[in-house]
Each structure stands twice: as C-alpha cells, then as structure tokens.
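Enquirer: There's a structure below that I have some questions on.
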Amino acid sequence: MTTIAAPSPSIAFAPLLAAPPASPDARVRTSIGTKAAGYAGKYVQYHVMLVCPVTRRRWSVTKRYSAMLAFRTALQKLYASYARGDDPLLLQLASLLETPFPPKRLDPEAGWVIDERCIAFRTFCDRVLDTKAHLFQLASASALPPVWATYIALAQAFLEVPPSMLSMAFQSRTSLPNETECSICLVPFSRDDFGIPGVVVETQCTHVFHQGCIAEWMETAATCPICRHRIESIVGLFLSAAVSV
C-alpha cells in the first residue's frame with residue numbers, strides 16, 4: 001500500500017467559485033484488486049480521499065487508471081468543442097488540462113509507476129475540487145451555458161458526490177441585489193461580479209457575499225457571519241444577460 005503527499009497546486013485562473021483551498025484537499029492510497037485468478041487478473045486501485053474546500057465534508061472514491069484517463073479525455077473533448085468561445089470556464093478547463101497526467105506504462109504495478117500516478121492523481125483531483133462543481137445542483141445547471149452544465153455533470157459523476165453535500169443552485173437576476181458590498185471583505189459588488197455564475201452568492205438566510213469570502217469563512221464556521229444561522233444551501237447569482245447563449 002502506498003500513501004503519497006504532494007503539495008497543493010496554485011491556480012492561475014479564478015476557479016468556478018473562487019478561493020483556493022488553504023491546504024491540499026485530496027489524499028491517495030492504493031490497493032490491488034483482482035478480476036481473475038493469477039497475476040494477469042490483478043490491477044491497481046487508487047483510493048482518493050476528498051475534502052470539500054468549502055464545507056470540509058469528506059468522502060472517498062476508488063478509481064482505476066482507466067477511469068481517471070476516461071474523465072480527463074472527456075474534459076479534453078469538452079474543451080475542444082468550445083475552444084473558440086470566450087466563456088471564462090474555458091480558461092479553467094485549459095488550466096485543469098495543463099495539469100501533468102501520467103501516461104500509460106508497460107508495467108502499471110511497478111512501484112515508481114504507482115508513485116507517479118498517486119502524485120498526479122492527487123494534484124488533478126485537487127484541481128477538480130477547486131472548481132466547486134461538486135456543490136452545484138444539476139437541475140439548476142440547465143439554466144447555464146452548455147459548457148458549464150456539461151462540465152458540472154462530468155465532474156459530479158467522476159467525484160461520486162454524496163447526496164448530503166451542501167447544495168448550490170443558480171438564480172438569474174434582472175438587476176443587482178440591494179446589498180452593495182460583501183459584508184466580509186467590505187468590497188463593493190461590481191456588475192462584472194455577476195457575469196460569472198457563482199462569484200456572488202446568497203445564503204438561504206438571504207445574505208449576499210463573494211463566494212470566495214464565504215468559503216474562507218466556512219472553513220472555521222458553518223454559520224452565516226451576519227445572522228449566525230447555519231448555512232445549508234447557497235444560490236449563485238448572475239445577471240440573465242451575462243449568460244445568454
């Protein structure tokens with residue numbers, strides 16, 4: 001069994017919902033699975049412990065190399081389908097796809113191959129978690145441009161997101177909210193903040209914050225900084241004209 005610790009990557013572009021995690025949010029260990037008798041029937045399984053960078057909720061997934069590769073290939077196809085567009089998500093996909101990914105090897109059970117893959121998979125999964133796609137409600141994602149909705153569906157299927165995860169929906173607004181500034185950082189909201197769904201969010205207690213600010217807050221407290229009610233759901237706000245396709 002192998003356990004690998006690798007540094008969390010820095011993100012060049014603002015994630016789908018901004019604020020990089022303060023610490024690495026994925027751990028990888030391995031085990032040998034068996035699909036048939038004999039050496040040829042063995043394969044390496046990668047057990048990835050995931051931690052939501054917003055809620056700190058933990059869960060784990062078990063993947064073979066082929067499943068990791070299939071997900072990355074699906075992201076490559078998604079990016080290629082929209083590469084000529086100007087959607088901000090394309091920059092994030094480009095950054096995610098630039099993460100080094102281990103190639104196929106002749107001996108996948110060699111110790112150095114397993115070490116190489118553990119390090120790469122941890123970094124790759126950290127990047128996927130950074131996008132916060134695991135928090136979105138798929139039902140509300142249909143209101144978004146196709147590239148966003150498709151990415152969220154792919155990421156949630158890959159991460160096998162637990163149903164009890166903090167939920168985040170999207171809500172289109174025709175005008176800016178009454179709140180003029182984030183109550184945490186005290187920086188005024190700009191119209192550009194509402195051009196990318198989820199940069200500005202509203203809690204179920206109707207208080208509005210920059211998502212990055214409330215994400216940092218929730219690393220130490222799961223309650224609203226204004227009214228102290230427990231945060232159980234978040235709505236990502238955006239101006240309807242900003243996401244029209």
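The values are calculated or read from the model by the stated rules, or taken from the named source; none is laboratory data. Keep in mind it's a predicted model, so treat the numbers as computed, not measured. All Cβ positions, glycine included, derive from the backbone under ideal geometry; neighbour counts span all protein chains shown.
Residues checked against (1) of a type in the set (Asp, Glu); (2) closer than 30 Å to Arg230 by Cβ:
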residue: Ser81; (1), (2): no, no
residue: Arg84; (1), (2): no, no
residue: Asp107; (1), (2): yes, no
residue: Arg127; (1), (2): no, yes
residue: Leu135; (1), (2): no, yes
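Enquirer: In the stretch 224-245, what count of residues is obtained for those that are closer than 22 Å to Arg57 by Cβ and either in the same structural domain as Arg57 (by TED's automatic domain parsing) or in contact with a helix residue (DSSP H, G or I) (Cβ under 9 Å, 6 or more places away or on another chain) (or both)?
Expert: Qualifying residue count, the stretch 224-245: 6.
Enquirer: Counting only residues that are closer than 20 Å to Pro53 by Cα and in contact with a helix residue (DSSP H, G or I) (Cβ under 9 Å, 6 or more places away or on another chain), which one in the stretch 163-181 is modelled with the lowest pLDDT?
Expert: Per the criteria, the residue is Leu166.
Enquirer: Within the stretch 53-94, can you find the residues that are out of contact with any strand residue (DSSP E or B) (no Cβ under 7 Å at 6 or more places or on another chain) and polar (S, T, N, Q)?
Expert: Thr55, Ser66, Thr73, Gln76, Ser81, Gln92
Enquirer: If you go through the stretch 102-112 one residue at a time, do you hit one that is buried (at least 17 other Cβ atoms within 10 Å of the Cβ) and either touching a residue at least 60 places away in the same chain (Cβ under 8 Å) or closer than 28 Å to Pro197 by Cα (or both)?
Expert: Among the residues of the stretch 102-112, not one is buried (at least 17 other Cβ atoms within 10 Å of the Cβ) and either touching a residue at least 60 places away in the same chain (Cβ under 8 Å) or closer than 28 Å to Pro197 by Cα (or both), which makes the answer no.
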